[in-house]
1. Can you pull the accessible area of Cys254 for me, 1.4 Å probe, Å² to the nearest 10?
2. As a test question: what accessible area, to the nearest 10 Å², does Ile135 have when a 1.4 Å probe is rolled over all protein chains in place?
3. Using a 1.4 Å probe and ignoring any ligands, DNA or RNA, find the accessible area of Leu34 and quote it in Å² to the nearest 10.
4. Leaving out ligands and nucleic acids, note down the accessible area per residue over the chain with a 1.4 angstrom probe, in whole Å².
5. Mind jotting down the distance between the C-alpha centroids of the range 204-278 and the range 126-163, whole Å?
6. Report, to the nearest 10°, how far helix 217-230 tilts away from the longest principal axis of the Cα atoms in the chain, using its own Cα long axis and a range of 0 to 90°.
7. From largest accessible area down, sort Lys23, Lys202; use a 1.4 Å probe on the protein chains.
8. Heavy atoms only, probe 1.4 angstrom, no DNA, RNA or ligands counted: give me Glu97, Glu151 ranked by accessible area, highest first.
Amino acid sequence: DMALYEAKSAGRGMASLYHPDMKRVLMEQRALELELRAALANGEFELHYQPLHQLSTDSIAGFEALLRWRHPERGTIAPGSFIGIAEQSGLIVQIGEWVLREAMAEAATWEGNLTVAVNVSAVQMRDGDLLRQVISALSATGLDPRRLELEITETVLMQDQEACLALLHRLRALGVRIALDDFGTGYSSLNYLRSFPFDKIKIDRCFIEDLCNGGESGAIVESVLDLAARLNMQTIAEGVEDEAQLHALRARGCEQVQGYWISKAMPADELPVVRTARAAVPVPALRQATGG
Ligand code: C2E
Ligand code: MG
Ligand code: MG
Ligand code: MG
């Protein structure tokens, strides 16, 4: 149906054309944006934590914080259904600040030097005041900066490279570690590995999926592991779903693995961690502080 919807743009008296579907999509996006804003204010966001498993010691090295929306009617919603809108609307900057605070407050209660990995969107790096957010969350939670790992994707690097590089250097100067997430997807460029100060490479799940099927993925994963070792970067493989994949990664010298075979992401109160007295960190107060 090619029917076009004609609308007068207010005030200018000029006609513009919309496809009805387009109009509906825009209205749904706007509605979702308002709902997300309310969700942030109402404390409907929650973090789940997935173990990062260290192969050399067969123990947990840390956890990745993954955002969930506990919708009052629709139940738990995964980030794939709302991160895009949060980014388009700019709301990801505020949501991202809440995530940082919440994840770091949680990690500050873990005994030992377990790390917490936090996903950071390209929009937060471009428009957000990420450096200030990190510094203020570090001081509010008392977390050792060396226990914080920020996960960024290659899309971040495709934008303003100079500004991005400067920001990453400032974050690293604080002691914060930087991981390159979903490596191998998108517009992977070896040039990024040369120019940017990554501490860790996360090999995307798509390469792990058919790692043991005798295809090209085996050679690619081996090369990435070799490259990372030569560049002094740590390695982790995402999406490990069976024992054969885990063995193949161990045999190839991958340092950490993450995936359903080890564990799904869990709510904070189900984590297999020993907690310190710092469990008294007032998370509800932090929630309030960022709720407005
Ligand atoms: P990601 O950072 O690459 O996170 C890994 C995703 O893979 C998670 O999905 C995780 O639950 C899923 N996963 C883990 N192990 C397995 C496995 O063995 N098999 C399969 N099939 N999947 C596995 P999730 O939680 O739905 O998150 C999706 C994406 O949303 C994340 O991908 C990340 O890009 C984004 N995201 C999540 N939390 C945040 C956040 O707080 N801020 C921002 N900006 N983005 C976030
Ligand atoms: Mg990630
Ligand atoms: Mg990933
Ligand atoms: Mg991914």
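The values are calculated or read from the model by the stated rules, or taken from the named source; none is laboratory data. Keep in mind that this is a model prediction, so the values were computed, not measured. Note: areas computed on protein heavy atoms with side chains; ligands, DNA, RNA excluded. Shrake-Rupley method; radii C 1.70, N 1.55, O 1.52, S 1.80 Å.
1. Per-residue accessible area (Cys254): approximately 10 Å².
2. 80 Å²
3. 90 Å²
4. Working: 14790 Å² over 292 residues.
Ligands and nucleic acids excluded, the result is 51 Å² per residue.
5. Cα centroid of the range 126-163 versus Cα centroid of the range 204-278: 23 Å apart.
6. 70 degrees
7. Order by accessible area, largest first: Lys23, Lys202.
8. Glu97, Glu151
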